[in-house]
Amino acid sequence: MKNPHLTPTKPKEVLKYSYSQLNTFKTCPQQYKIIYMDGVRKPHESIEAFMGKRVHEVLEWVYDKDNRSKSYQTFDSLCKTYDEYWVKNWHENIYIADYRNPSDFYYSIGKRCLSNYYNKYGPSFDEPVAETEIELQFKIDNHPFRGIIDRLDNPGKGKWVIHDYKTSKREKTQRQAFNDLQLGLYYLAVQQNYKEIEEISLCWHFLRTGNEVLITHTQEKMELIRRKLTKLIKKINFAKKDENNFIPKESILCNWCYLWEECTAKLGKNLVVRAE
Ligand code: SF4
């Protein structure tokens, strides 16, 4: 039977929080329940997510130890690496929500992202990189968290710049960056994991256009963000007292959700097409 309200299961405890968990709860509580409490995991992924991962991998490769020892990189070498990662990781569960676009369309967007980045930072890519794709453990009011930061730069003693790459269409403003919980989480993660901190800045790279947003938080602002995060965790923990609290929140984002068979608001499967 599909309706989980009739067959309550014992909620699984979330051992560590992450931004994506909090965001899933905010976007659709039912999706949160299906993934993080019922433990449903599917191999499905959207073509946008697939493309975003490949672009991230290329930018990680650009700053790996071997490449950083080179004086320059050609754009061709980035494209070749992108192609290799694209082919190597391709699988049969990649889906396109907008059936009017072929896979090539998304492949080209990835290339454009790399080209915009190359025009800004190539061919030398001599940024003061400390680490890339760093997994950090930290706490917010005793709640354990984990987060992965795309890149952390250390431009001077006590100075840290957290970089986050975005391949999605929607860009955010400086003001939105100031209130963004994900950037706030990264800030706390670096603050708790690194020594000699004088200043932490956060830089969002919107790769589709090459635009960037750079911000620095004050302690007062960070306190506000910390309170917002704690409030959200409390809300999730309160909701866990009764499974009926995890109501489906239908939106355009349902088109990119592959849990229609488990969702109480949907009938049948998501009608997305398989990417070829
Ligand atoms: S299909 Fe929509 S309402 Fe249902 S779980 Fe997914 S996002 Fe939520």
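Every read-out reported here was derived from the displayed coordinates using simple, explicitly stated rules and does not represent laboratory data. Being a predicted model, the structure only gives us computed values, none of them experimental. Counting neighbours? That spans all protein chains shown, and the Cβs are built from the backbone with ideal geometry, glycine included.
Let's test the formula: R0 of 30 Å, r as the Cβ-Cβ distance of K241 and R146. What FRET efficiency results, to the nearest 0.05?
The pair K241/R146 has a calculated efficiency of 0.75.
Could you name the lysines whose alpha carbon sits less than 23 Å from that of K240, not counting residues in the same chain fewer than 8 places away?
Straight-distance partners of K240: K2, K10, K12, K16, K26, K33, K42, K139, K228, K231, K249, K266.
When only C-alpha pairs under 8 Å and at least 6 residues apart count, what is the relative contact order of the stretch 194-253, in percent?
19
Hey, which aspartates and glutamates would be in cross-link range of K157, C-alpha to C-alpha under 20 Å, not counting anything within fewer than 8 residues on its own chain?
By straight Cα distance, K157 reaches D126, E127, E131, E196, E198, E199.
Thinking of the chain as a set of Cα atoms, what percent of all their pairs are more than 23 Å apart?
Tail of P(r) above 23 Å: 60 percent of Cα pairs.
At 7 Å along the Cα-to-beta-carbon direction for both D126 and T230, put a label point, then send me their distance in nm to one decimal.
Roughly 4.6 nm, to one decimal.
Fully extended, how many nm does the chain gain between Q192 and T216 (0.36 nm per residue separation, minus their Cα-Cα distance)? Please report the intermediate quantities before stating the final value.
On the way: separation 24, 0.36 × 24 = 8.64 nm, distance 1.66 nm.
So the extension gain works out to 7.0 nm.
So which of K159/K235; K111/K172; K65/K221; K53/K269; K65/K166 end up more than 27 Å apart by C-alpha?
Table pairs above 27 Å Cα-Cα are K159/K235; K65/K221.
Could you give the length gained on full extension between Q174 and K249, defined as 0.36 nm per residue of separation minus the Cα-Cα distance, in nm?
Separation in residues times 0.36 nm, less the Cα-Cα distance, equals 24.2 nm.
Using only the Cα atoms of the stretch 129-230, what do you get for the radius of gyration and for Dmax, in Å?
Expressed in Å, the Cα Rg and Dmax of the stretch 129-230 come to 13.1, 39.
How large is the convex hull of the Cα atoms of the stretch 45-121 per residue, expressed in Å³ as a whole number?
Cα-based convex hull of the stretch 45-121, divided per residue, equals 86 Å³.
Give me the one-decimal nm value for the distance between modelled label points at K42 and R274, 7 Å along each residue's Cα-to-Cβ direction.
1.4
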